[in-house]
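Visitor: A single structure is presented below for examination.
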Amino acid sequence: MNIIYYSDLLGTMVFAISGAMAANRRGIDIFGATFMGFVTAIGGGSLRDTFLNIRPVWVEDGNYLIAIFVGVLISIVGNRQLYNWAKTLTLFDAIGIGFFTVVGTQKSLDYGSSSIAAIMLGMFSAAMGGVIRDTLMNETPLILRKEIYASACLSGALLFVVLYHLEAPNGISAFCSALLVFLIRIISVKYRLSLPSVPPVNRD
């Protein structure tokens, strides 16, 4: 079984749920929710594939579109239950960035990227879908807030590259790296942790 492929499909579905949920919370119609689920799910991966000079994977593999529509359907059918879970959007987002970090890093390495480039592309794969979602919802993207988000993706990507070069089994590398991203993100939200920022300069 191809762990990376199924992780990518699962991450796509989870991000589709995340995007559609964001639309549902604003009372947007079903078409709008589907569109939000779609762009959130494919945004980061499409950017990654563009940098790697290859066609976005969802263009050639219909399973990705099925995963997106399943995710949107879950968000619509289970909207009331999901809405009642205050942290559900954060949970799905954390799961999604964990999977997408692993997939983006692995795919970048497979296409000959350097280790540093693979780590960066792993982060882009994970973070850009959320950036598109938040921008369309007229919210400040999580990556620009005082939250640990992109740095969690970078940590997971770094771990994956290290395990990759140590020739660890692919399934173990993927699981450990995605779990690290998920735990860093969830713990940082729970305890309101953030990285230090540079104080703004007072020009007066």
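Visitor: How many residues, within the range 12-44, are over 12 Å from GLY96 (Cα atoms) and either of a type in the set (A, V, I, L, M, F, W, C) or under 15 Å from the mean Cα position of the chain (by Cα) (or both)?
Guide: Qualifying residue count, the range 12-44: 14.
Visitor: Report yes if some residue within the range 15-31 is among the hydroxyl-bearing types (Ser, Thr, Tyr), at pLDDT 90 or above and touching a helix residue (DSSP H, G or I) at 6+ places or on another chain (Cβ under 9 Å); otherwise report no. Before you say what the answer is, go through the steps one by one.
Guide: Here is the first cut: in the range 15-31, the residues among the hydroxyl-bearing types (Ser, Thr, Tyr) are 18.
Next cut, at pLDDT 90 or above only: none.
Checked against the condition, which is being among the hydroxyl-bearing types (Ser, Thr, Tyr), at pLDDT 90 or above and touching a helix residue (DSSP H, G or I) at 6+ places or on another chain (Cβ under 9 Å), the range 15-31 yields no hits at all.
Visitor: For the condition hydrophobic (A, V, I, L, M, F, W, C), out of contact with any His (no Cβ under 8 Å at 6 or more places or on another chain), surrounded by 13 or more Cβ atoms within 10 Å (Cβ to Cβ) and within 20 Å of MET120 (Cα to Cα), what is the one hit in VAL162, VAL189? Walk me through how you get there before you give the answer.
Guide: Values: VAL189 fails: within 20 Å of MET120 (Cα to Cα).
So the residue among VAL162, VAL189 that is hydrophobic (A, V, I, L, M, F, W, C), out of contact with any His (no Cβ under 8 Å at 6 or more places or on another chain), surrounded by 13 or more Cβ atoms within 10 Å (Cβ to Cβ) and within 20 Å of MET120 (Cα to Cα) is VAL162.
Visitor: Among the candidates LEU180, LEU163, which residue alone is of a type outside the set (Asp, Glu), closer than 20 Å to ALA94 by Cβ and in contact (Cβ under 8 Å) with a residue 12 or more places away in the chain?
Guide: LEU180
Visitor: Also, quick follow-up: Might you let me know whether the range 100-110 holds any residue that is under 19 Å from ASN170 (Cα atoms), surrounded by fewer than 23 Cβ atoms within 10 Å (Cβ to Cβ), out of contact with any Ser or Thr (no Cβ under 8 Å at 6 or more places or on another chain) and free of Cβ contacts under 8 Å to residues at least 24 places away in the same chain?
Guide: Within the range 100-110, one or more residues are under 19 Å from ASN170 (Cα atoms), surrounded by fewer than 23 Cβ atoms within 10 Å (Cβ to Cβ), out of contact with any Ser or Thr (no Cβ under 8 Å at 6 or more places or on another chain) and free of Cβ contacts under 8 Å to residues at least 24 places away in the same chain.
Visitor: Restricting attention to helices (runs of 4 or more DSSP H) lying wholly within the range 1-74, give those where 3 or more residues are in contact (Cβ under 8 Å) with a residue 40 or more places away in the chain.
Guide: On the way: elements: 3-25, 30-51, 57-60.
In the range 1-74, 3-25, 30-51 are the helices (runs of 4 or more DSSP H) which contain 3 or more residues that are in contact (Cβ under 8 Å) with a residue 40 or more places away in the chain.
The values are calculated or read from the model by the stated rules, or taken from the named source; none is laboratory data. A quick note: this is a predicted structure, and the numbers were derived from the prediction, not measured. Heads up, the Cβs are rebuilt from the backbone with ideal geometry, glycines too, and the neighbour counts pull from every protein chain shown.
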